Amino acid sequence: MSYIAQIFDPLGLVGPTIVVAKLSMQRLWALKQNGEACEWDTALPTKIQEQWKAFHSTLQLPSEVRVPRCVSLPNAINLQLHFFVDASQGAYGSCCYVRAETSGGVYVQLLTAKSKVAPLSSRHSIARLELRAARLSTQLYEKVIFALKISPPAYFCTDSNSVLHWLRSPPSRWKAFVANRVSQIQHSTEPS
C-alpha cells in the first residue's frame, strides 16, 4: 500500500501503472487461505510475491516518461476535446485529448486520464463496465471544463455497441443500474 500511495499522478498520465498496482491490491483483499481472509502479517503465496517483485522493478520506468504540458496553443483556430473510454473485466478508464488546429497544422496532446478497478463486490458484464467508463468520461469532462474555464466542443468515443444503444434510448427504458448512468451521461453530453 505504501508504494501505491507514493505514486503521485494528479493528471492520470501513469494510470496504466497505477491500475496494475490497484489490481494487485484488489487480489490481496480477495486472497483467502483455508477459506478465511489472510491476516496482515501472513506471508503471501510465492506466485503473488513474484508478480509484485516484477511490477515493483518497473516502478522507476514512469519517471523516465516525458509529457509536454503545454496542451493549448494561443494561436489555435479550433480547439476540441476528445474523450476515449474502454473497459476490461478488471478495470475501466477514460482519457482526454486536446486537439488544436493552427495555421501551421493540427496538434493533439493527452491532457488527462482517469481509471478505476472493477468492483469485487459484484461482477459486472463488460457492457456494464463500458457504461461505467462512459460515465467516468463525463465526470472527467466536467472536471476538465471546470479547470480550463472554457467549453470547447467535446467528442466522446466508445467501442461498445451496448453503451451506444443504451444512450440512444430514454433512461426509463432500462433497469436502475443502466438507467441511472444513462441519465447522468445524457445530462452532461449530447447522445449523438
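Quick rundown of the values:
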| read-out | value |
| --- | --- |
| R0 of 22 Å, Cβ-Cβ distance S103-K143: FRET efficiency to nearest 0.05 | 0.10 |
| Given charges at Cβ of Lys, Arg, Asp, Glu: the chain dipole, positive-most of S160, H56, H187 | H187 |
| Mean separation of Cα contacts under 8 Å, 6 or more apart, over the residue count of region 1-116: relative contact order % | 25 percent |
| Region 108-187 pair-distance distribution - Cα-Cα, 10 Å bins, rounded % | 16, 47, 30, 7 |
| Per residue value of the accessible surface for the chain (all protein chains in place, 1.4 Å probe), Å² | 63 Å² |
| Of all accessible heavy-atom area on the chain, the percent that carbon and sulfur account for (1.4 Å) | 56 percent |
| Among (i) 23.7, 64; (ii) 17.6, 63; (iii) 19.6, 66, the entry derived from the coordinates for Rg and Dmax of the Cα atoms in Å | (iii) |
| The chain: calculated mean residue ellipticity at 222 nm from DSSP helix runs of at least 4, using -39500 (n - 2.57) | -12500 deg cm²/dmol |
| Binned Cα-Cα distance frequencies in region 29-130 - 5 Å width, integer % | 2, 9, 12, 12, 15, 14, 12, 8, 6, 4, 3, 2, 1, 0 |
| Whether region 71-138 is rounded, prolate or oblate, judged on the alpha carbon gyration tensor where a/c under 1.5 counts as rounded | prolate |
| Greater than 23 Å apart at Cα, pairs in K32/K53; K116/K149; K22/K114; K32/K175; K114/K149; K32/K114 | K116/K149; K32/K175; K32/K114 |
| For A154, distant residues with modelled amide H under 5 Å away | L81 |
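The values are calculated or read from the model by the stated rules, or taken from the named source; none is laboratory data. Keep in mind the model is a prediction, meaning the values are calculated, not measured. Using ideal geometry, Cβ is built from the backbone for each residue, glycine included, and neighbour counts are taken over all protein chains shown. Each accessible area value is taken on the protein alone, full model and side chains, heavy atoms only, with ligands, DNA and RNA left out. Shrake-Rupley method; radii C 1.70, N 1.55, O 1.52, S 1.80 Å.
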